[in-house]
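J.: Before we start, here is the structure in question, set down as structure tokens.
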Amino acid sequence: MKKARKLVLLVACTLMIGVLAGCGAKFDASKYVQAQMDNSYKNDSSLVVELKYATEEEAQKVYEDEIDTLVDNFFLGVSVSDDVKSRYAEIFKDMLGKAKYTVNESEKQSDGSYTVAVEYQQLKLFQPTMDKLTENADKIDVSDLDGYFNMMADYMEEILAGDIEYGEAQKMDVHIEIVNKTYTLNNTDLQTLNNGLFDFSAVSGN
């Protein structure tokens, strides 16, 4: 079973849309974070489009690229069929769509950057999936990668379709920096937030 677990490596990645600083209407940092998160997790580009950060087509491409990145990183170094990858793309869309978060107040810093308070709860998907795989270890053939990952997908779909467990509410400040005259979300904060929203550590080994 340990060998099977080592087959999985996931690096959470969220692709974000930059906004030119000092241009147009007053920048609303909380709305910026809300728009980015809604687009990346909920596939809801309405606020991104309303605030004119991107067109609906551009926002959709950001979302689709994110799903592709998640799938590529999940199967990094592992050879599975395109059908399996397509199945996981749909699972990840479902998973991201069930993210629980609330974007709260923002605070402007002396250097022109912002911090935005975000409250979230961790969706428990990978740990219960790994628990189910452990319970059924006698059915696993690690030489059949498609079979293994399809079994894993069965459990993930079952969990996502049922009463999902979430962790206790947590809070963090997300930093919006000015990079090349463009407002951008801090990459380290994004990684921390992703790891807080989903129990990736159950499969990444971190």
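The values are calculated or read from the model by the stated rules, or taken from the named source; none is laboratory data. All of these numbers come straight from a predicted model, not from anything done at the bench. Glycine gets a Cβ as well: all are built from the backbone with ideal geometry, and neighbour counts include every protein chain shown. Calculation scope for accessible area: heavy atoms of the full protein, side chains included, ligands and nucleic acids excluded. Shrake-Rupley method; radii C 1.70, N 1.55, O 1.52, S 1.80 Å.
J.: Rounded to the nearest 20 debye, what is the charge dipole size of the range 163-205 about its Cα centre when +1 sits on each Lys and Arg Cβ and -1 on each Asp and Glu Cβ?
T.: It works out to roughly 300 debye.
J.: Taking only C-alpha pairs under 8 Å that are 6+ residues apart, what is the relative contact order of the chain in percent?
T.: This gives 29 percent for the chain.
J.: Here's something else I'd like to know. Using helices alone, what [θ] at 222 nm do you get for the chain, with -39,500 (n - 2.57) per DSSP H run of 4 or more residues, divided over all residues and rounded to the nearest 500?
T.: Dividing the helical sum by the residues of the chain leaves -14500 deg cm²/dmol.
J.: With axes computed from alpha carbons, what is the tilt in degrees of helix 82-97 against the longest principal axis of the chain, rounded to the nearest 10 within 0 to 90?
T.: The answer is roughly 50 degrees.
J.: Under a point-charge model restricted to the Cβ atoms of Lys and Arg (+1) and Asp and Glu (-1), what is the dipole moment magnitude of the chain relative to its Cα centre, in debye to the nearest 20?
T.: I would put it at about 500 debye.
J.: Still on this structure, please answer the following. Starting from the Cα of SER86, step 7 Å along the direction of its Cβ; do the same at GLU50; then give the gap between the two resulting points in nm.
T.: Label at SER86, label at GLU50, 3.5 nm between them.
J.: Here's something else I'd like to know. Under 29 Å from the Cα of LYS139, which lysines turn up, not counting those fewer than eight places away in the same chain?
T.: LYS2, LYS3, LYS6, LYS85, LYS93, LYS124
J.: What are the aspartates and glutamates whose alpha-carbon lies under 18 Å from the alpha-carbon of LYS108, with same-chain residues fewer than 8 places away excluded?
T.: LYS108 reaches ASP28, ASP173, GLU177, ASP189.
J.: To continue, here is another question. So if each residue of separation counts as 0.36 nm, and I subtract the Cα-Cα distance between GLU58 and GLU107, what length gain in nm does that give?
T.: Difference between extended and current length: 14.8 nm.
J.: What number comes out for accessible area per residue over the range 70-206 if the probe is 1.4 Å? Units Å², please. Can you show the working numbers first?
T.: Working: 6930 Å² over 137 residues.
That works out to 51 Å² for each residue.
J.: Using only the alpha-carbon atoms, how far is helix 56-74 inclined from the longest principal axis of the chain? Give it as 0 to 90 degrees, nearest 10.
T.: 40 degrees
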